[in-house]
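The values are calculated or read from the model by the stated rules, or taken from the named source; none is laboratory data. Remember, predicted model here, so these are calculated numbers, not experimental data. Note that we place each Cβ from the backbone using ideal geometry, even for glycine, and neighbour counts take in every protein chain shown.
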Amino acid sequence: MLQSFQKSITDKGCCLAMSEWAVVGGGSLGLLLAGKLAAAGCRVVLWTRTSEQAERIEADGIAIEEMSGVVSQPVRLRAIPISSVKGIHEGPILLTVKQTALDSELYSFLRLATGGAGRIYLFQNGVGHVEKLARALPGTTLTPAITTEGALRLGPSSVRHTGKGAIWFGVVGAAELLPMPMTTGIDSENALFADSSVRNVAEMMKQAGFTVFLSNELEKRVLRKLLINSVINPLTALLRIPNGQLLKTPERLSLARELFDETAKVLERSGLPDAANAWDEVAAVCEATATNLSSMLQDVQAGRATEIDAINGAVCRLAERNGLEAPLNAAVTALIKAL
């Protein structure tokens, strides 16, 4: 089956079937993306923070537990600790580390890995990361990505796919967009990218089982996801509950709704139209990822730094910029930091 799939991709002339994908970060999302792409026939290397995780993946492969409960046969791929990566990488680079990992050491590594050029696909939550990376990597093309896929890391080489979502790719700067016809099998929001490499990446990720969109309104998508994350992430982390339990009691529902209403007001003033009407999306994400532990809850449980400053902290900064107050966002930010 794998050989026939690879042949079908080659017959279509998709160069990415022959390129090696690099996934940076062996957390929940990194394991899910790397495992799914490798299972679809792509050559994948996973760049991990620790040598221990890389050795485990090299030995065991990545096992994915699907939402049905079925655990896939571990898929083999290369895994290398970031400290041991040498040379310039020519294929797609998917950056899946959290905002808390964006530091000078990582920037130096990415400059070496891209040769000061290339393209990196950014899968971070919250806001502000694109600007940070643009300043740190001036010669590199950055393609922001938004995903609502749910994943839970079970171990160094295993991950549970906890919720089916979608991936949106955007651009930094509207000049990269052209009103081009749709590529087969890819959904869109009114425009596609002039650069065929983004379309090819989207095509291959669709082949790996993901729902992919190319968007010329990604800024609004970013704000919409920020709205959803600002409600689900801090409250599930503080209450220590999976996403699906957040709206199950009147008290939790009331708290979530109040936080949503405050955040929606701020984000509407920041350029997100009809933010107040997005409550159904919050409820839908809770239902679609019912068994998922939010990334913030996972960080709290593991004693790691959270992305609270890039999520609710960012809402507070946007509120101040627009002459508004956001006391609930300030409160949950302080509470998460106090844990």
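The figures follow:
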| item | result |
| --- | --- |
| Residue under evaluation residue 248, criteria (1) among the basic types (Lys, Arg); (2) under 22 Å from residue 315 (Cα atoms); (3) surrounded by fewer than 19 Cβ atoms within 10 Å (Cβ to Cβ), criterion not met | (2) |
| Set 251, 268, 262, 203: member being among the charged types (D, E, K, R), assigned by TED's automatic domain parsing to the domain that holds residue 122 and either at pLDDT 95 or above or assigned to a helix (DSSP H, G or I) (or both) | 203 |
| Selection from the range 56-75 of residues that are free of Cβ contacts under 8 Å to residues at least 60 places away in the same chain and under 23 Å from residue 110 (Cβ atoms) | 58 |
| Subset tally (residues that are assigned to a helix (DSSP H, G or I) and at positive phi) for the range 293-339 | 0 |
| Hits in the range 68-117 (condition: small (Gly, Ala, Ser) and out of contact with any Leu (no Cβ under 9 Å at 6 or more places or on another chain)) | 68, 69, 72, 83, 84, 101, 104, 108, 113, 115, 117 |
| Residue tally, condition in contact with a Leu (Cβ under 9 Å, 6 or more places away or on another chain) and of a type in the set (D, E, K, R), over the range 29-51 | 1 |
| Qualifying positions in the range 10-27 - modelled with pLDDT under 95 and crowded, with 21+ Cβ neighbours inside 10 Å | 17 |
| Per-region count, the range 160-177, residues more than 18 Å from the chain's Cα centre (by Cα) and assigned to a strand (DSSP E or B) | 1 |
| Among (1) over 15 Å from the mean Cα position of the chain (by Cα); (2) in the same structural domain as residue 161 (by TED's automatic domain parsing), the one test that residue 211 misses | (1) |
